[in-house]
Amino acid sequence: WNRITGLSQLHLPGVDITAFALDSTGRVWECDYNNARVLNDASTPEDMPDDSWFPFYRTAGCSQVLVDAGDRVWFVGELFVDILDFNATPFDKSDDQWVTLSKADGLPKNLWAGAIDPAGNAWFSGDYLTVTNLNGTLNKADDQWQRYHPQTLPDFTYYAPPTIDAANRVWIGLYKSYPINETTYLVLDFNATPFDPSDDHWSALNTSWTGAAFRNISDISPAPDGTMWFTAAPIDVYEPAARGVHRLDHQGTLDDPSDDTWVSYSVPGAGNSPYVNAAAITSDGAVFLGATSLSELDIKAALYELDLNATPANQTDDTWITYRREGFATFNIQMEALGPDGSLWLLNHDQEPPDNTQYWRLHVFVPGTQSGPEDEQFATLDLSRSPQSIWNVSAMEVDSLGRVWMTARSQDGLTSYLFGLDPHGTPTTFGDDTWMRFELADGLNLQYIFDVSTDAFGRVWLTGYPYASGPVVQMLDLHGTFGDKTDDAWVSYPFPLSSQSAKIFLEPAGNLWLSDSNGGLYALDLHGTLQDSSDDTWVTPTGPEGQVFTKSGLMAVDKNGRIWIRYPQNFYRSQEDPYPGLLVLDANGTLADTSDDRWVKFTLSDGLQTGSVSSVSFGPNYFWISDGPYLLRVYDRGTLFDKSDDVWEGYSNRTGILFNGGRLLNTPDRLWWMSGRGFSLFSPNSQVLGSVFDGGQPLVQVEVRTDQGQQTLTDNRGVYSLSLSPGTYTLSAIVPGRTFSPSQQTITVAGQDIVLDPFYAGPVPRAPWALLFYFAGDNNLDTSYVPIFNQLEAAAANTGVRVLVFWDRAGQGDGAYYWVQPDSDLTQLAAYVEGENRWSQPEPDMGDPQTLVGFVSWAKQAFPAENVALVLSDHGSGLAGGMVDETGGPSLMSLSEMESALSAITNQGAEKLDVLYMDACLMGMLEDAYQFRSFARYYVASQYIQWAYSQPYAAYVSQVTAASTPAQVAQSFANAYAEVDPLNPYTMSVGDLEALNPLVVHTNLFAQALWEHMPEAAPAITAARQAVQRYDMDGDGQISAADSYVDLYHLAELVQANTQLLEIKTAAQNVMDAVNQYILLNLHSRSLEGAHNLSHSHGV
């Protein structure tokens, strides 16, 4: 047997797993009520130390897990079904796809459970039955749904989980308290057409027709021989039929129950037979049953195996095998205490039939190593049946010597006792223990005892009511002789107030603190004279603003004597603090003198999540808080009353810790929390704390990484916290382009918490050039960017240039920023380290202008440079814009959106780009350049089709030097492209955007002149339109009269040659001159002789 404890290092009694399933590779997928996990057991299910759990936080109310033939995982909840396609990488969330089904899609109301048939149809039961088929995708648009509800049946509350038999029929048990002679289960034969109910056949059947009278069917399981096995949830827990399993042989005639054969099997067990929760039948016909005893005394669950020995009708030769993990199990925990050796002592009681007597039990648990439970030790002692005959335990404590103290009353409730147990260093072996019992004759003067506590000297302190007076505190001093009462000393300290005393806490200095049942607080200053009560002083403390403590609670006194108090809502008078929280008092050893008191309070504004604090516990330089469903660890760094340097760490269901509140106990390396159901052991990792500064200012959101892959970010104070298991680690602060002092810090973690020296950032070096490439490859150009990226890597060793890329590929979860690394291998990409030279991005929409703004802003801040060139690479279409994204969108960045993005990037043109290169088709237009004129110095673009060459990209990088001017870089881009294939049709140009405005003015004047002389100019315009150089703007692969993108210079040249009007000739010449002024470099193939590298969409 192996108890799987990898669930967030939780130990006994485990977590509330509600369901699990195995995928095709044997991985275990499980869910609790709020979360889901997958277990990687490293192919060694018997060896748990190498296991790892991977959490998902998508599910809500999960009660069932299904895995379909495509290894998609279905988490069935109360209202929704969450489906996960992990794309064959269960431990990598970056490519996960999720979809949620709801009642709006077709799920039944009061969703109960589901099943998936061999054809991939998913059946769900609830107030009715539904079926869906995803058609192989997580796109709900193509899902099919069908609803089933037999009109011949009365209304019912729920269907039980559907079951698919070997004939592909759906079996559904009805889950309702029907009269025993009504329908109890249904069978649907949908004739392989689940979405066509016209040929369906329903069989409505009843278990009582053949004598197997049971109802509220909870599970139906098919066997290989065609029989069906039924389990039932009881209406009455003592209903005999509900405590077994029932086998139906329907002989293949579902509508004829006359030949059905039912056999009911009772699971063996003492007294009432166990209640069967679930059944499973193996491929060879072995029946396994999960069952729980009905006795509250013996709450052990077991696994049963039934072998029918091939004679199902004859139970005399049946073979039963019972599998049970013997050992520690207990519920209804009333009290707990930790021994100095780390052992955990628990007390509980349970009612035992037939007279429901409360029997008390003492349990001790000694945890094993943190790697697994194999060396755990546990033992249970039935106190009520032991020779000591202990009943009605009211309090328990373990002293500094490992002795267990319990206060109890006799079974009739009339007499109180104090019991002491010395385990002699063997807590799980009760046979060698020494017991002591103290009563009235020994000096115990309390008729009712409320609490017990012990001090560092082994003295025992009690609170309660004596036989004839008001409440007192009584102390027992054994004088170091456990087992010898002759030298014992008893001292009573009258409690002068009328309120009942409930809990007692001892300061290290010897003062007592009491918290009564009404939430009041009291303190007793003994003045160091334990035997002399004449100088004792009782103090009633008040809060930091003079509040009287009512409905509050004293929770703990720490080793420094500080008092920890929970306070209720509106305890403070100030309106800004209306929520409950936690108060800490340091009285500095002077209880009666409040002038030197120090107080600190912790509220929601500090880090509490709900303010419903129920317990605290203490570590070396931190403390634990139980705050509603949250477990919090606070590092006070030794300065409890200065909250400015505190670090809060939270655990909850969202972080994989199934914490629902409870009482806390902890040792240096383990934390226990108690609830009524049981207890849990959590072994938190060590915490490594540090900070990152730039000069005197904290650096926020800086990544701190270990050499083993753990990473975190600094908070708004520059502080980081890493949770590390034992081992040696080297830590580094990561900011691209920055250096730190020290560059690394190496530590050895051995269960302790560590505070490191700060990392101090050096100055940010500025490179001569930063080349920013925006690869919008989430479309049919996806594969083109692989060789392009390799070419960038081949030239990335250029010391004068930093090459930054935002690359989004086709599909989900592959977008990332890159700091391109040198690599001469053109067959594969270099290795990139997440957080160091690769930064994954949530699935981006490359057609969204904010995506472009985010990339360029990040690159300019992380990699500052004297000069910046931005290359936008993807599909382009001139007037319509460019940058197509088919997954994140679908979208296309329009010209106006490009303008707004560039405006934001350049601070409205105050910080212009040095070069803007549109590596996209048809973007060499006057209209395009006009949009970008205020945001860049030089504009590189093509009038024509831009071919997806990879070769020029190496030259784009390698030809840039530290001394390169922006004009030289722009021209090197154009030349590198033109040199790839001079015989293939191409155009490429460099435009000086500072010379664009005169061109715009002269183009407008040219159009005005044509308009004003239209009758005379018409023949020239017609001739020009017929001969002008056009470009394929509609993407049909041909240049025709339908293509309205024309060369502006050529158009003006042709009009001038075909008119005699001086005004038009002059205007045309001015346009040509302005084009020549704007175009610094005009490159084109011989086949495009009319190209002057500036297009215009003509409207004449």
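The values are calculated or read from the model by the stated rules, or taken from the named source; none is laboratory data. These numbers come from a predicted model, not from an experiment. Using ideal geometry, Cβ is built from the backbone for each residue, glycine included, and neighbour counts are taken over all protein chains shown.
Quickly run through the range 397-422 and pick out the residues that are within 18 Å of Tyr359 (Cα to Cα) and part of a loop (DSSP other than H, G, I, E, B). Correct list: Ser410, Gln411, Asp412, Gly413, Leu414, Thr415. For the range 752-765, the candidate set comprises residues that are loosely packed, with under 13 Cβ neighbours inside 10 Å and touching a residue at least 12 places away in the same chain (Cβ under 8 Å); within that set, the residue that is nearest to Leu699 (Cα to Cα) is Gly762. Scanning the range 856-891 for residues that are in a helix (DSSP H, G or I), within 16 Å of Ala767 (Cβ to Cβ) and of a type outside the set (Val, Ile, Thr) yields a count of 5. Taking the stated definitions as given, is Val856 in the same structural domain as Ser784 (by TED's automatic domain parsing) and modelled with pLDDT of 95 or more? Against the criterion (in the same structural domain as Ser784 (by TED's automatic domain parsing) and modelled with pLDDT of 95 or more), Val856 qualifies. May I ask you to verify whether Ser1040 is among the polar types (S, T, N, Q), outside the structural domain of Lys912 (by TED's automatic domain parsing) and in a strand (DSSP E or B)? When the stated conditions are applied, Ser1040 does not pass them. The strands (runs of 3 or more DSSP E) located wholly in the range 282-336 that include 1 or more residues which are of a type outside the set (Val, Ile, Thr) and at pLDDT 80 or above occupy 287-292, 301-307.
The residue pairs whose first member lies in the range 718-747 and is under 17 Å from Asn837 (Cα atoms) and outside any loop (DSSP other than H, G, I, E, B), whose second member is modelled with pLDDT under 85 and charged (D, E, K, R), and whose beta carbons are closer than 6 Å, counting only pairs six or more residues apart or on different chains, are Ile734/Glu836. Report whether or not Thr486 is under 30 Å from Pro367 (Cβ atoms), at pLDDT 90 or above and part of a loop (DSSP other than H, G, I, E, B). Taking the combined requirement at face value, the residue does not satisfy it. If you go through the range 86-116 and keep only what is in a loop (DSSP other than H, G, I, E, B), farther than 16 Å from Asp143 by Cα and not aromatic (Phe, Trp, Tyr), you end up with Asn87, Ala88, Thr89, Pro90, Asp92, Asp96, Lys109, Asn110, Leu111. Residues in the range 1054-1082 that are assigned to a helix (DSSP H, G or I), surrounded by fewer than 23 Cβ atoms within 10 Å (Cβ to Cβ) and not aliphatic (A, V, I, L, M): Gln1056, Glu1063, Lys1065, Thr1066, Gln1069, Asn1070, Asp1073, Asn1076, Gln1077. Comparison of Phe450, Phe438 shows that the only residue that is in contact with a strand residue (DSSP E or B) (Cβ under 9 Å, 6 or more places away or on another chain) and at pLDDT 95 or above is Phe438.
Within the range 895-936, the set of residues being among the charged types (D, E, K, R) and over 17 Å from Val1000 (Cβ atoms) comprises Glu897, Glu911, Lys912, Asp914, Asp919.
Checking Asp1043, Asp1034, Asp992 one by one, the residue that is within 30 Å of Val915 (Cβ to Cβ), within 50 Å of the chain's Cα centre (by Cα) and charged (D, E, K, R) is Asp1034 and no other.
Filtered by the rule that a residue be in contact (Cβ under 8 Å) with a residue 40 or more places away in the chain and crowded, with 22+ Cβ neighbours inside 10 Å, the range 122-133 gives Ala122, Trp123, Phe124, Ser125, Val131.
Within the range 60-71, does at least one residue satisfy the condition of being at pLDDT below 80, over 20 Å from Lys140 (Cβ atoms) and not in a strand (DSSP E or B)? Yes: one or more hits.
Checking the structure you have, find out if any residue of the range 843-851 is buried (at least 19 other Cβ atoms within 10 Å of the Cβ), closer than 28 Å to Thr712 by Cα and among the hydrophobic types (A, V, I, L, M, F, W, C). Looking through the range 843-851, at least one residue is buried (at least 19 other Cβ atoms within 10 Å of the Cβ), closer than 28 Å to Thr712 by Cα and among the hydrophobic types (A, V, I, L, M, F, W, C).
The one condition from (1) hydroxyl-bearing (Ser, Thr, Tyr); (2) within 40 Å of the chain's Cα centre (by Cα); (3) surrounded by fewer than 24 Cβ atoms within 10 Å (Cβ to Cβ); (4) closer than 22 Å to Val820 by Cβ that Ser873 does not meet is (3). Hey, among the residues in the range 777-817 that are of a type in the set (A, V, I, L, M, F, W, C) and either within 30 Å of the chain's Cα centre (by Cα) or assigned to a loop (DSSP other than H, G, I, E, B) (or both), which one's nearest to Asp874 (Cα to Cα)? For the range 777-817, the residue satisfying everything is Leu781. Of the residues making up the range 490-501, those that are touching a Ser or Thr at 6+ places or on another chain (Cβ under 6 Å) and either at pLDDT 80 or above or under 23 Å from Asp442 (Cα atoms) (or both) number 3.
Among residues of the range 1014-1025 being surrounded by fewer than 16 Cβ atoms within 10 Å (Cβ to Cβ) and touching a residue at least 12 places away in the same chain (Cβ under 8 Å), the one that is nearest to Ser1085 (Cα to Cα) is Ala1023. Within the range 447-473, residues that are surrounded by fewer than 17 Cβ atoms within 10 Å (Cβ to Cβ) reach partners that are assigned to a strand (DSSP E or B) with beta carbons closer than 6 Å, at six or more positions or on different chains, in the pairs Gln447/Ser416; Gln447/Tyr465; Tyr448/Gly464; Tyr448/Tyr465; Tyr467/Gln447.
Scanning the range 946-999 for residues being surrounded by 20 or more Cβ atoms within 10 Å (Cβ to Cβ) and assigned to a strand (DSSP E or B) gives a total of 5.
Restricting attention to the range 908-918, does a residue exist that is among the polar types (S, T, N, Q) and buried (at least 18 other Cβ atoms within 10 Å of the Cβ)? Looking through the range 908-918, none of the residues is among the polar types (S, T, N, Q) and buried (at least 18 other Cβ atoms within 10 Å of the Cβ).
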